[in-house]
Structures are given as structure tokens and as C-alpha cells.
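The values are calculated or read from the model by the stated rules, or taken from the named source; none is laboratory data. Note that the structure is a prediction, hence the values are computed from the model and not measured. Here the Cβ positions follow ideal geometry from the backbone for every residue, glycine too, while neighbour counts run over all protein chains shown. We work out accessible area using only protein heavy atoms, side chains counted, and drop any ligands, DNA or RNA first. Shrake-Rupley method; radii C 1.70, N 1.55, O 1.52, S 1.80 Å.
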Amino acid sequence: MTAIFLELVNRSYAALWLVLAILLLRLLTRRLQLPRWIHMLAWGLVGLRLVLPDLPESTLSLQPSAAVLETADSMAASSPVTVTTGFATANSVINPAMEQIAQASPSIDWTWVASVVWLIGGALMLLWSIVGYIRLRIRLRDAVRDDGVWLSDRIDTPFVLGRRIYLPFSLADADRHYVIAHERAHIRRGDTLLKPLAWVLLSIYWFNPLLWAAYILLSRDMELACDQRVLRELGEGCRRAYSTSLLSCSVRRQTLAACPLAFGEVSVKQRIASLLHYKKPALWVIAAALFICALLAVFFLTNPKVGADPTNDSDPVIDFSIPNYTYTVEELLAEDLRLSSIGDPSMFGALLITDSSLTIYDPDGGLLFSSRECSQEELDRDDLEEINTLLTAPLDLPDSSSLTAYYYLGGEPDNVYWTVYFDGDRPLWLAQGRTLRFYSLARARMSYVSAECLYMSPASSQLPTPNNGVRYLFDGDSVIFLDRDTGAETALFENVVWGEFPWSQAEWNDMMLVNLPLGENLRFASLNDRWKLVESDGALWIVDYRDATGGSYIWSVYRLISDGGKAAAVAFAQTAFKAGGSDKLYQYGAARCENRGKLSMSMAQHLPVMRITRAESLAGQLEDLRERYGGSDSLYEHFERYDEDFFAENELYLICVTAPSGGDRYEVTSAMVGSGELLMTVTKTQDGDTCDMADWLMAVEIAKSNVRDCGMWDAVLQ
Amino acid sequence: MGTPKIFDSEYRFCLILWECEPVRSTELAKLCHERLGWSKATTYTVIKRLSERGVLKNEDAVVTSLVSREEVQASEIDELVERSFDGSMPAFIAAFTKRRDLSADEIAEIRRMIDDCEVKP
């Protein structure tokens with residue numbers, strides 16, 4: 001109900017501007033004596049505005065705001081709605097006031113209160129008019145039919161109700177003719193439906209004062225339009241006689257009623273005046289008026305185009321692009337003597353610093369800070385000396401005479417800012433806001449290792465294992481190859497630039513004997529003539545490319561994952577079962593695993609990984625398994641330990657492997673998390689010597705907090 | 001003893017009653033529906049109301065009037081004369097005759113009526 005009410009407020013706010021425009025136009029065109037049906041058309045537009053739910057957006061819209069009340073979706077806002085009137089000054093006054101009200105009374109939802117008040121008000125209005133209608137009908141029960149009209153002795157003014165014209169007995173004969181003509185005109189114009197409809201709309205939008213004015217003006221226009229129509233039909237000669245009748249029937253009645261449409265009801269003086277001066281307007285006047293109505297529709301029956309919200313957060317996960325500056329925090333250099341807490345450099349992950357933006361990640365890849373604006377300030381040597389006196393240890397001031405402090409300002413609602421002190425174009429120190437806590441910055445060296453072999457040329461004598469023996473360090477624009485075991489540097493490539501992927505899928509396929517599908521988002525960097533880096537849909541590959549005289553081909557492709565150290569290896573527990581003597585379990589797993597696409601893709605042997613996060617799905621999975629596969633009771637008994645308490649903190653992974661010999665033993669030897677993927681390595685720990693095939697099932701338990709950001713799960717057989 | 005007041009709608013009803021009485025109430029309701037457009041319920045309500053006022057009586061579902069047409073007309077005229085002519089009947093007649101020219105037959109009829117009035121004690 002609150003939602004409906006808010007929607008109505010929005011629509012009535014929009015209608016408000018349309019009504020204002022119409023009032024203005026009426027004032028301006030008063031002299032022109034436009035026929036009243038044109039006025040009715042304008043009111044019709046208001047009705048449309050109030051009723052239609054989805055209106056098109058247009059740059060021509062004169063509406064100040066598409067929706068004045070929007071439910072606040074930020075959890076930080078205490079007020080449940082935000083006001084966007086379309087006028088910044090009004091917004092900046094109203095919104096804080098609403099916040100204050102909300103904070104002063106946090107347990108009351110004011111929008112709900114308002115919608116209850118609205119409901120009661122509208123219901124009362126409708127009830128009042130329904131009761132009035134019923135009472136009138138009761139009064140009219142003994143009206144007698146007489147020559148097409150109904151006569152009653154309980155009424156003192158003629159009116160129309162439904163499709164019947166009611167006249168008082170006391171109506172003079174002279175007036176009858178015109179009265180009946182007028183009321184008939186009402187019926188034919190459909191006013192008997194229009195007025196109650198307008199009343200219903202008014203009951204719904206009763207809280208908008210301008211709409212009451214619109215309703216009154218609408219009633220007036222309705223009557224005048226009827227008068228004008230009667231004149232057109234009966235001829236100009238009866239103008240005076242008609243006005244006389246009008247005068248003699250005039251009664252001071254309530255102007256705010258849904259029905260009936262009484263003859264002498266509305267503003268008699270104005271009607272007579274308008275009648276006596278009425279003349280059919282020129283054609284061009286009518287055309288101009290219609291054109292203006294069309295313009296009104298375009299300007300006010302459309303909503304303003306809402307631009308894309310610039311405060312949308314982009315994906316906070318670190319992507320693989322190599323920006324100009326990637327930094328890490330090395331150590332806490334010094335801080336203010338007066339600070340009570342000690343800074344912690346380990347809270348920082350990577351920092352992306354440019355001269356206009358700063359992004360800080362935490363060690364797990366979550367976003368700590370993203371800047372929106374940047375300003376600079378020069379600090380000369382004296383300022384720095386002064387700062388040094390307040391610190392626990394003096395900073396090593398560089399030789400240059402001044403440093404530039406870049407203040408990176410974040411967004412609402414906290415408006416925090418971080419400061420990076422640059423020596424020329426080299427960032428030196430990081431500080432939060434104006435606190436004197438200085439961390440030293442160092443260029444980040446992102447370390448990657450191969451996670452799997454996507455392709456190995458069959459001519460190679462090497463077995464395609466996931467580990468290609470190389471650790472890749474990305475240091476700014478350089479890429480360094482290190483021996484994965486010893487750490488010795490084996491190659492250095494500088495000024496690495498990322499650009500477009502140079503081959504089509506067909507050309508790529510031609511260079512290998514296996515079709516390795518390329519992703520949609522591709523980037524490419526050439527390290528040298530042989531080594532190439534490919535980024536495909538976020539995955540990073542190292543390609544060993546050979547450009548021989550006979551044609552170019554690819555020797556190997558390895559997929560790399562970041563080996564950042566802190567987030568790489570995760571703890572796990574496992575239980576391994578020998579589950580039977582066929583490969584049925586493997587088939588079962590292959591059909592239900594998370595990494596189905598990888599099972600047949602590469603040269604490395606991927607194993608099906610089934611991921612279970614809830615006790616109910618485990619129960620379902622086991623049921624299914626038991627039905628299709630059977631298996632020993634001890635297997636299923638083991639799984640009873642994984643109850644709801646377990647799944648509150650942990651996740652369970654089932655890995656299937658088919659062993660060629662029943663005597664083999666398999667175990668998961670490592671679990672690594674990096675770049676959104678959990679990769680488990682399975683190793684054969686014992687060689688059997690029988691020749692019967694066997695299914696092995698490993699149940700791996702990993703804490704949820706370790707695999708929080710993972711979207712991919714995989715296992716490889718080492 | 002004043003003639004009971006009859007409103008305009010009720011007068012039309014009485015016109016039908018005077019024409020058809022004595023009449024069964026169901027028959028009367030049908031006639032009222034045809035000529036006046038009244039529902040059955042309305043007719044019965046009006047019958048009840050008028051019987052309370054002493055205009056008609058409804059016994060064993062048969063309706064008969066207690067007041068005649070002439071009585072009602074006379075009562076109306078009395079009220080009109082009282083209200084608009086200060087109770088002066090001649091003034092009323094004068095006003096009436098001023099409006100229309102009476103034909104010879106009408107004058108004769110009126111003369112006869114006045115003569116009848118005189119005869120009555």
C-alpha cells in the first residue's frame with residue numbers, strides 16, 4: 001500500500017505542473033473566448049497524466065522530475081524516501097529535513113502513516129458521495145415520468161442523474177424547453193459519466209490542492225460547454241430567453257459534488273456572461289488551440305530522460321588489466337605522536353593510482369575506496385619539516401624542494417578522502433584524510449603462476465601438466481619470468497603494452513590442433529616474438545607462439561592465476577572413498593558438476609566438481625545418487641555429519657575420479673583460490689596394480705569465508 | 001376538518017386511483033408502473049403513506065379513496081386564494097378573467113354555477 005501511495009504522489013506531482021501550465025494558458029487566452037470543449041480537452045490531458053502508468057521519456061519533457069519520491073535503497077539513509085523535485089535547492093532543503101524527522105523517530109515509518117491517512121481521506125470522500133447518491137435516489141423514488149422527463153416534488157432544481165432528467169414540479173413552462181435542451185446536451189456529451197469519473201480521480205488524488213481547483217474549473221467548463229452547444233442547436237435568437245431561464249433557475253448549491261449535474265448549479269453569472277458574448281471562433285483559432293493542446297501533451301505527458309547514474313559502482317574485483325600504476329603498501333613509516341591507535345599496512349591490497357583517481361583494494365580483492373574527484377596542493381619544504389616534528393619518526397624527505405599532495409575525495413555518504421604525496425610523478429606516501437599516518441608505497445608486482453595447460457602441441461615430449469615451472473611477475477609495464485621453484489629470474493620484458501587481439505577465431509584455430517574457444521572480451525600483449533599474453537573474458541593466458549617459415553603456430557597455451565600469496569592457498573579437510581568398481585560415479589558427477597565445460601577442453605585432466613552449499617541439496621543429491629548408483633551404506637553414513645550447522649560456515653565439494661586400477665589411491669593435495677576461482681589439485685598417492693576400474697569420491701570441506709568471491713570451481717589431476 | 005395535503009407526485013397517483021377505484025393494490029401497482037414509472041415497492045410505500053394521512057384506505061388489499069377529486073381541487077384553490085389573493089375569491093376570479101377572454105358558453109356555465117351557489121343554504 002505504501003508503494004501505491006508513493007506512486008500516486010509521484011503522478012500527482014507531475015500532474016501539478018500540467019495543471020499550472022493549463023491555468024496559465026487559460027489566463028492568457030481568456031480574451032480569445034475559446035470554445036469550452038477545448039478546455040475540456042486540456043483537462044482530459046490531466047486525467048491521462050493521472051491515470052497512465054508508463055509514459056514515454058523525451059528530451060522535450062518540461063516535467064522537472066520523473067519521480068518526486070524515490071524509495072531510498074541505501075541502507076545508510078534513515079529516511080525511507082528521497083525527494084527529487086527536479087530543483088536542486090528544494091532537494092537540498094527537503095531531504096535533510098526528512099532525514100532529521102526520520103532520525104528523531106526511527107520506529108515510525110512516516111510513509112506508511114501518510115499512506116494510511118491518504119487511504120482514509122479517499123475512502124471518506126468516496127463514501128460521502130456514495131451515501132449522497134443513495135439518499136438522492138431514495139428521494140427520487142416517487143418521481144413520475146412525464147413525456148420523457150421525470151418530475152419530482154422533492155427537488156427544487158432541475159438536474160440530470162444517470163440518463164434521466166429530473167425536473168421539479170414547480171418549474172415554469174417557459175423554462176422547461178431550455179432546461180431540457182441543456183440537460184440533454186449533458187447526456188449527449190457524456191458528462192454524466194465524465195463528472196463522476198473526475199470525482200473518483202479527485203478522491204484518489206485528494207491530497208493535491210491544485211487538482212481540486214482543476215475539478216471546480218472542469219465543472220464550470222462542462223456547464224459552459226453545454227450552454228454553448230445548446231445555443232448552437234437552437235440558434236442564436238434564443239440567447240436572451242435561455243439566459244433568463246438560467247437566471248430564474250439559479251440556486252446557490254454546493255459546487256463540490258460528484259453528481260447530479262444541476263442546471264443552475266455552477267457560477268450562473270459567469271455562464272450568462274459567456275453566453276451573451278459567445279460567438280463561434282474562427283477556424284484558425286481552433287486550429288491554434290488544438291496545436292497548443294498537442295504541445296501540452298508532448299511537454300507534460302512525457303517524463304524527463306533520466307541520465308545513467310554516475311555513482312554506480314563498477315565491478316570491485318581486481319581485473320587483469322595492467323594500469324599505469326599499481327602499488328602496494330610496504331610499511332607504516334611514521335605516524336602522529338598523538339594518535340592512539342597504530343596503523344596497519346596489512347589492511348591494504350593493491351592500489352591503483354593515477355593523477356586523477358585512486359582505487360584501494362583489500363588483500364582479498366574487495367573494494368576499500370574509490371575516488372570521485374581529485375585536487376592538488378603544493379607542500380614546500382617548510383611544511384614538511386613542520387609535519388616531521390609531530391611524527392613518531394621523521395620521514396625521509398626527498399631532495400626536491402616541494403611535494404604535491406593529491407587529495408582523492410570519495411563519494412557519499414562518508415566523503416572520506418585519501419592523500420597521496422607525489423614527488424613529481426612518483427607516489428611516495430599514502431595517508432588517510434589529514435591524519436598524519438604515512439605508509440610507504442611501492443610499485444606492485446603481481447605474481448602469476450600457471451594453473452592449467454590449455455594446449456600443448458602434440459609434437460612436444462612434455463606431459464601437459466598444470467605447472468609450467470614459471471612464475472610471472474607483473475611490475476608496472478614490465479613482465480618478469482622467474483623460475484617457480486628457485487625464484488631466479490629467467491626473462492625480463494619491458495614496456496609491455498596491451499592492445500587488440502590480432503587474430504580471428506578461425507586464424508587462432510588454424511594455429512593449433514585443438515579448437516580452443518576465445519572469449520568475447522579479448523586483449524593481447526606481445527612480450528617478444530615468442531611469448532604472448534592473452535586476456536580472454538578475464539582469464540589470463542600465456543601463449544608460446546612460433547613464427548616459422550612454413551607458417552605460424554602455437555606451441556602451448558597455459559592459463560595463469562594470480563598467486564598473490566595471502567589468498568592463494570586455502571585450508572581444507574577431506575575424506576576420500578573408494579566408491580565402487582565402474583566409472584558410473586564419474587559419469588554421474590560429470591553430468592552434475594560445476595566445471596562441465598572444462599572436462600573435455602584441455603589436455604590436462606579435469607575432474608568433475610560438484611558443489612553443495614545447503615543441507616537440503618546434499619540430501620537431494622544423495623537420494624539421487626543412491627537411486628541411480630546404489631553404493632554402500634558407509635558411503636552415505638559419512639555424509640550425515642554435514643548438517644545445517646556445517647553448511648552455515650562451510651561448503652562441500654565432491655570430486656570424482658575414475659582410477660584405472662582398483663589399487664590406486666587419490667587425494668586432494670592442494671586448494672588454491674585466485675581470481676574468483678577455486679582450483680583443487682588431485683594427486684594419485686598410491687599406485688595399485690590391479691586392472692579393475694574403480695571410482696573414487698573425495699568430499700572436500702572448505703570454509704565459506706575462503707571461497708567467498710569464487711565463481712568458478714575446478715579440479716585437475718596432477 | 002382540513003383536506004389532507006397531497007403533494008404533486010401523489011396527486012398524479014390519486015388521478016389514477018380516482019379513475020380505477022375500487023382497485024386491488026397489485027393492479028394499482030401495475031398501472032402506476034405503466035403510467036408513472038414507479039416500482040412496486042414505491043407504489044406500496046405511497047399507498048401506506050397516503051393511508052396514514054387519511055387520503056385513502058387499503059382494506060384486504062383493495063384500495064379506495066377517502067377524499068374525492070373535487071375536494072382536493074377545492075382545497076388547492078383555497079390555498080391558492082389564501083396565499084396569493086389574501087383570501088379574496090373575487091380577486092382571484094378577476095385575475096383569472098383578466099388573463100383570458102371567456103367564451104359565451106363559458107360565461108353561461110359560470111352564471112349557472114353562481115346560481116347553484118346561491119341556492120345552497
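Residue under question is A:Gly433, and the condition is that it be within 37 Å of the chain's Cα centre (by Cα) and assigned by TED's automatic domain parsing to the domain that holds A:Ile353; does it hold? Even if it seems obvious, please write down each step before you answer.
On the way: within 37 Å of the chain's Cα centre (by Cα): yes; assigned by TED's automatic domain parsing to the domain that holds A:Ile353: yes.
So A:Gly433 fits the description; yes.
For the range B:52-64, indicate whether the set of residues that are away from chain A (no Cβ under 11 Å) and assigned to a helix (DSSP H, G or I) is non-empty. Let's see the steps before the verdict.
First, pick out the residues of the range B:52-64 that are away from chain A (no Cβ under 11 Å): B:52-64.
From what's left, assigned to a helix (DSSP H, G or I): B:52-53.
Yes.
Tally up the residues in the range A:1-42 that are open to solvent by less than 20 Å² (accessible area, probe 1.4 Å), over 26 Å from the mean Cα position of the chain (by Cα) and farther than 14 Å from A:Ile292 by Cβ, please.
2
For the range A:97-118, enumerate the residues that are open to solvent by 70 Å² or more (accessible area, probe 1.4 Å) and in a helix (DSSP H, G or I).
Hits for the range A:97-118 are A:Gln100, A:Ile101, A:Gln103, A:Ala104, A:Trp110, A:Trp112, A:Val117.
Scanning the range A:499-533 for residues that are of a type outside the set (Phe, Trp, Tyr) and closer than 20 Å to A:Thr465 by Cβ, which turns out farthest from the chain's Cα centre (by Cα)? Don't jump to the end; show me each part of the working.
Restricting attention to the range A:499-533, the residues satisfying the condition of being of a type outside the set (Phe, Trp, Tyr) are A:499-500, A:502, A:504-507, A:509-523, A:525-530, A:532-533.
Now narrow it down to the ones that are closer than 20 Å to A:Thr465 by Cβ: A:512-514, A:516.
Working: A:Met512: 42, A:Leu513: 44, A:Val514: 41, A:Leu516: 35 Å.
Ranking the candidates gives A:Leu513 first.
Which condition breaks for A:Leu52 when tested against (1) at pLDDT below 75; (2) surrounded by fewer than 15 Cβ atoms within 10 Å (Cβ to Cβ)?
Single failed check for A:Leu52: (1).
Inside the range A:145-200, counting only strands (runs of 3 or more DSSP E) that do not spill past its ends, which hold 2 or more residues that are within 12 Å of chain B (Cβ to nearest Cβ) and either open to solvent by less than 70 Å² (accessible area, probe 1.4 Å) or among the hydroxyl-bearing types (Ser, Thr, Tyr) (or both)? I'd like the intermediate steps shown before the answer.
Values: elements: A:149-152, A:159-161, A:164-168.
Passing ranges, in order: A:149-152, A:164-168.
Open to solvent by 30 Å² or more (accessible area, probe 1.4 Å), part of a helix (DSSP H, G or I) and out of contact with any Ser or Thr (no Cβ under 7 Å at 6 or more places or on another chain), is that true of A:Leu210? Spell out how you get there, then give the answer.
On the way: open to solvent by 30 Å² or more (accessible area, probe 1.4 Å): yes; part of a helix (DSSP H, G or I): yes; out of contact with any Ser or Thr (no Cβ under 7 Å at 6 or more places or on another chain): yes.
Considered against the rule, which asks whether it is open to solvent by 30 Å² or more (accessible area, probe 1.4 Å), part of a helix (DSSP H, G or I) and out of contact with any Ser or Thr (no Cβ under 7 Å at 6 or more places or on another chain), A:Leu210 comes out as yes.
Listed residues B:Arg69, B:Arg24; which is among the charged types (D, E, K, R), surrounded by 14 or more Cβ atoms within 10 Å (Cβ to Cβ) and away from chain A (no Cβ under 14 Å)?
Values: B:Arg24 fails: surrounded by 14 or more Cβ atoms within 10 Å (Cβ to Cβ).
After ruling out the rest, the residue left standing is B:Arg69.
For every residue, the table says whether it meets (1) within 12 Å of chain A (Cβ to nearest Cβ); (2) outside any loop (DSSP other than H, G, I, E, B); (3) under 15 Å from B:Asn58 (Cα atoms); (4) within 19 Å of the chain's Cα centre (by Cα).
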{"residue": "B:Lys5", "(1), (2), (3), (4)": "yes, no, no, yes"}
{"residue": "B:Glu10", "(1), (2), (3), (4)": "yes, yes, no, yes"}
{"residue": "B:Leu15", "(1), (2), (3), (4)": "yes, yes, no, yes"}
{"residue": "B:Glu19", "(1), (2), (3), (4)": "no, yes, no, yes"}
{"residue": "B:Leu28", "(1), (2), (3), (4)": "no, yes, yes, yes"}
{"residue": "B:Leu31", "(1), (2), (3), (4)": "no, yes, no, yes"}
{"residue": "B:Thr42", "(1), (2), (3), (4)": "yes, yes, no, no"}
{"residue": "B:Val46", "(1), (2), (3), (4)": "yes, yes, yes, yes"}
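State yes or no: is A:Ile94 at pLDDT 75 or above, over 30 Å from A:Leu231 (Cβ atoms) and in a helix (DSSP H, G or I)?
On the way: at pLDDT 75 or above: yes; over 30 Å from A:Leu231 (Cβ atoms): yes; in a helix (DSSP H, G or I): yes.
Here the answer is yes, as A:Ile94 does meet what is asked.
Quick check on this structure: which one of B:Glu34, B:Glu76 is modelled with pLDDT of 90 or more, open to solvent by 80 Å² or more (accessible area, probe 1.4 Å) and closer than 24 Å to A:Trp150 by Cβ?
Numbers: B:Glu76 fails: modelled with pLDDT of 90 or more.
When all the criteria are applied, what remains is B:Glu34.
Taking the criterion of being closer than 22 Å to A:Met446 by Cα and not aromatic (Phe, Trp, Tyr), would at least one residue in the range A:512-522 satisfy it? Full working, then the answer.
The first filter runs over the range A:512-522 and keeps only residues closer than 22 Å to A:Met446 by Cα, leaving A:521-522.
Checking the rest, the ones that are also not aromatic (Phe, Trp, Tyr) come to A:521-522.
Taking every residue of the range A:512-522 in turn, at least one turns out to be closer than 22 Å to A:Met446 by Cα and not aromatic (Phe, Trp, Tyr).
For the range A:423-441, give me the residue count where each residue is open to solvent by less than 20 Å² (accessible area, probe 1.4 Å) and at pLDDT below 85.
Here the count works out to 2.
With the structure loaded, tell me whether A:Thr404 is in the same structural domain as A:Arg426 (by TED's automatic domain parsing), touching an Asp or Glu at 6+ places or on another chain (Cβ under 7 Å) and open to solvent by 20 Å² or more (accessible area, probe 1.4 Å) or whether it fails that test.
Numbers: in the same structural domain as A:Arg426 (by TED's automatic domain parsing): yes; touching an Asp or Glu at 6+ places or on another chain (Cβ under 7 Å): yes; open to solvent by 20 Å² or more (accessible area, probe 1.4 Å): yes.
Taking the combined requirement at face value, the residue satisfies it.
Could you tell me which of the residues A:Arg141, A:Arg135 is part of a helix (DSSP H, G or I), more than 8 Å from chain B (Cβ to nearest Cβ) and either modelled with pLDDT under 90 or out of contact with any strand residue (DSSP E or B) (no Cβ under 7 Å at 6 or more places or on another chain) (or both)?
None of the other options fit; the residue is A:Arg135.
Which ones in the range A:610-660 are of a type in the set (A, V, I, L, M) and open to solvent by 40 Å² or more (accessible area, probe 1.4 Å)? Before you say what the answer is, go through the steps one by one.
Start the filter on the range A:610-660 by keeping residues that are of a type in the set (A, V, I, L, M), which leaves A:610, A:612, A:615, A:618-619, A:622, A:625, A:635, A:648, A:652, A:654-655, A:657, A:659.
Across the range A:610-660, the qualifying residues are A:Ala619, A:Ala648.
Would you be able to tell me the number of residues in the range A:519-530 that are open to solvent by 90 Å² or more (accessible area, probe 1.4 Å) and out of contact with any Ser or Thr (no Cβ under 9 Å at 6 or more places or on another chain)? Explain how you work it out, then say what you get.
Going through the range A:519-530, the residues open to solvent by 90 Å² or more (accessible area, probe 1.4 Å) turn out to be A:520-521, A:529-530.
Next, from what is left, pick out any that are out of contact with any Ser or Thr (no Cβ under 9 Å at 6 or more places or on another chain): A:529-530.
Within the range A:519-530, residues that are open to solvent by 90 Å² or more (accessible area, probe 1.4 Å) and out of contact with any Ser or Thr (no Cβ under 9 Å at 6 or more places or on another chain) number 2.
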